[in-house]
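The values are calculated or read from the model by the stated rules, or taken from the named source; none is laboratory data. Everything numeric here is computed off the predicted structure, so don't read it as measured data. All Cβ positions, glycine included, derive from the backbone under ideal geometry; neighbour counts span all protein chains shown.
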């Protein structure tokens, strides 16, 4: 079986979230779908932006216990938030300032989540124990997944 992210995951998400308006429920199901569907992944979930403290706080996820607070600009997640760009990191140990919430994680992809009005929602974070797990093709599919998720959040 290929380690690539199947593009059908976005259609699955769209159907799964159809008609649901609760943010926590939608993020919970999205993280479960990611963890169930993706191969060679040990953590999939969300960190939510807290404007009053200018940091990220742990949101719905599937996987081992995780860091609760991440400063804006710190680690892979904080960098994704600060730069508003996807962070595709083939080897987290080579990423300056990486925050090791789970020592088993070796690769990571973080996609920023921003509502259509420009409000920062947070980031989608996926970790793998395998270096180089995520490809640029995976990035395209996961950014589409995030846009589909945001469509349901924006419509809530």
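Considering region 120-141, the residues that are part of a helix (DSSP H, G or I) and in contact (Cβ under 8 Å) with a residue 40 or more places away in the chain include one that is nearest to residue 81 (Cα to Cα), namely 139.
I'd like to know if region 52-70 contains one or more residues that are modelled with pLDDT of 95 or more, surrounded by fewer than 19 Cβ atoms within 10 Å (Cβ to Cβ), part of a helix (DSSP H, G or I) and touching a strand residue (DSSP E or B) at 6+ places or on another chain (Cβ under 6 Å). For region 52-70, residues modelled with pLDDT of 95 or more, surrounded by fewer than 19 Cβ atoms within 10 Å (Cβ to Cβ), part of a helix (DSSP H, G or I) and touching a strand residue (DSSP E or B) at 6+ places or on another chain (Cβ under 6 Å): absent.
Whether any residue in region 80-97 is surrounded by 16 or more Cβ atoms within 10 Å (Cβ to Cβ), in contact with a strand residue (DSSP E or B) (Cβ under 9 Å, 6 or more places away or on another chain), assigned to a strand (DSSP E or B) and on the phi > 0 side of the Ramachandran plot is what I want to check. Taking every residue of region 80-97 in turn, none turns out to be surrounded by 16 or more Cβ atoms within 10 Å (Cβ to Cβ), in contact with a strand residue (DSSP E or B) (Cβ under 9 Å, 6 or more places away or on another chain), assigned to a strand (DSSP E or B) and on the phi > 0 side of the Ramachandran plot.
Please verify whether region 24-39 includes one or more residues that are surrounded by fewer than 16 Cβ atoms within 10 Å (Cβ to Cβ), closer than 23 Å to residue 99 by Cα and in contact (Cβ under 8 Å) with a residue 60 or more places away in the chain. Scanning region 24-39, I find no residue that is surrounded by fewer than 16 Cβ atoms within 10 Å (Cβ to Cβ), closer than 23 Å to residue 99 by Cα and in contact (Cβ under 8 Å) with a residue 60 or more places away in the chain, so the answer is no.
Filtered by the rule that a residue be farther than 22 Å from residue 106 by Cβ and in contact with a helix residue (DSSP H, G or I) (Cβ under 7 Å, 6 or more places away or on another chain), region 31-81 gives 33, 49, 59, 60, 71, 72, 73.
Among the criteria (1) closer than 17 Å to residue 145 by Cα; (2) without any contact (Cβ under 8 Å) to a residue 40 or more places away in the chain; (3) surrounded by fewer than 20 Cβ atoms within 10 Å (Cβ to Cβ), the one residue 14 does not fulfil is (2). Being on the phi > 0 side of the Ramachandran plot and buried (at least 16 other Cβ atoms within 10 Å of the Cβ) is the requirement here; does residue 19 meet it? When the stated conditions are applied, residue 19 does not pass them. Only residues that are in contact with a helix residue (DSSP H, G or I) (Cβ under 8 Å, 6 or more places away or on another chain) and modelled with pLDDT of 95 or more were counted across region 84-114, and they come to 12.
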